[in-house]
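Chemist: My questions all concern the structure below.
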Amino acid sequence: MNKTPEQISKIVTEFADSVLRSLGFEYEIAVQKCNEEEISLMFSGPDSRFIIGDGGSRLDDLQYLLNRIAVMHAQDAPRVRVDCDNYREHLEERIVSTARQKAEHVLASGRPYTMKPLNAYFRRLVHSALADMPDIVTCSEEGEARYKRITISRRA
């Protein structure tokens, strides 16, 4: 039986709360968005840096886990997006800004640029951000790795 986004939101929020509280973290959780496409959870509090982890690694892991939990309850579950003290929002802005700068450099130099490895969410963000540049092409490397590099090139 498929569950509603509200039911899934409650399940993933309670699961995240259970895991993080058992680890001794002090924080608050707020559901910022809950619809058919996305459930967005925002964490905040004195232990934010521990929830975020190095380079957002714990946020990535928590988001991945919560998405797996959501899909266990509904095959067509909304994507779960996790942020902590707006860390991801600022990171997204930096990644898009860097991608646009590198694309401008590729246009000027003619040489392709390969970005650092990114997860699927950030790769989609870069591909979308550069899609409006008609002379630029982006390509993700092949394979099953969770983190992959994007190459930014001039359109032939």
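Chemist: On the basis of being of a type in the set (S, T, N, Q) and either farther than 28 Å from Ile150 by Cβ or outside the structural domain of Val126 (by TED's automatic domain parsing) (or both), does Gln101 make the cut?
Modeler: No.
Chemist: Does Arg154 fit the bill of being at pLDDT 95 or above, more than 23 Å from Ile39 (Cβ to Cβ), surrounded by fewer than 17 Cβ atoms within 10 Å (Cβ to Cβ) and in contact with a helix residue (DSSP H, G or I) (Cβ under 7 Å, 6 or more places away or on another chain)?
Modeler: Here the answer is yes, as Arg154 does meet what is asked.
Chemist: Further, regarding this structure: Out of Asp85, Asp132, Asp54, which single residue is surrounded by 14 or more Cβ atoms within 10 Å (Cβ to Cβ), out of contact with any Leu (no Cβ under 7 Å at 6 or more places or on another chain) and of a type in the set (D, E, K, R)?
Modeler: Asp85
Chemist: Follow-up. Please verify whether Ala30 is assigned to a strand (DSSP E or B), at pLDDT 90 or above and either out of contact with any Cys (no Cβ under 8 Å at 6 or more places or on another chain) or at positive phi (or both), treating the condition exactly as stated.
Modeler: yes
Chemist: Restricting to region 53-85, give me the number of residues that are assigned to a loop (DSSP other than H, G, I, E, B) and either without any contact (Cβ under 8 Å) to a residue 12 or more places away in the chain or acidic (Asp, Glu) (or both).
Modeler: Number satisfying all stated conditions: 3.
The values are calculated or read from the model by the stated rules, or taken from the named source; none is laboratory data. Just so it is clear, the model here is predicted, and its values are computed rather than measured. As a convention, Cβ positions derive from the backbone with ideal geometry for all residues, glycine included, and neighbour counts pool all protein chains shown.
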